[in-house]
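Everything below concerns the one structure shown next.
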């Protein structure tokens, strides 16, 4: 998966356009301080990275999604934690967390 960055604006193919759109949405959500949107957007980036066969990028984006999920107490935090555990990047949450 390409790294999300502004240089992708010059690339014209559907996959790159999805990444550019996602990058633009991430920037806007960061600017707005919208942690709930950032959980979703970083999860989508992780899904793209994983589908593209890049577990390191997937782990990077999942970590960000997880941190924002913890900050806003999003219900996705348990699923994100499980995905990070499966990648060997986190320990399981304690029961009831």
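The values are calculated or read from the model by the stated rules, or taken from the named source; none is laboratory data. As the structure is a computational prediction, the values presented were derived from the model and not from experiment. Glycine gets a Cβ as well: all are built from the backbone with ideal geometry, and neighbour counts include every protein chain shown.
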>> If residue 8 meets every condition in (1) at pLDDT below 95; (2) surrounded by 12 or more Cβ atoms within 10 Å (Cβ to Cβ); (3) outside any helix (DSSP H, G or I) apart from one, which number is that one?
In response: (3)
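Select from the stretch 75-90 the residues that are assigned to a helix (DSSP H, G or I), out of contact with any helix residue (DSSP H, G or I) (no Cβ under 8 Å at 6 or more places or on another chain) and within 17 Å of residue 56 (Cβ to Cβ) and list them in ascending order. I'd like the intermediate steps shown before the answer.
Taking the stretch 75-90 as the starting set, the residues that turn out to be assigned to a helix (DSSP H, G or I) are 77-86.
Still in the list and also out of contact with any helix residue (DSSP H, G or I) (no Cβ under 8 Å at 6 or more places or on another chain): 78-79, 82, 85-86.
Once the filter is applied, which keeps residues that are assigned to a helix (DSSP H, G or I), out of contact with any helix residue (DSSP H, G or I) (no Cβ under 8 Å at 6 or more places or on another chain) and within 17 Å of residue 56 (Cβ to Cβ), the stretch 75-90 yields 85, 86.
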> Restricted to the stretch 20-39, and to residues that are within 13 Å of the chain's Cα centre (by Cα) and surrounded by 19 or more Cβ atoms within 10 Å (Cβ to Cβ), which residue is farthest from residue 70 (Cα to Cα)?
Replying inline: 23
> In the set 62, 84, which member is over 10 Å from residue 42 (Cα atoms) and buried (at least 16 other Cβ atoms within 10 Å of the Cβ)?
Replying inline: 84
>> So the check is Cβ under 6 Å with 6+ separation or different chains; which pairs have a first residue in the stretch 60-75 that's at pLDDT 95 or above and a second one that's assigned to a loop (DSSP other than H, G, I, E, B)?
In response: 69/76
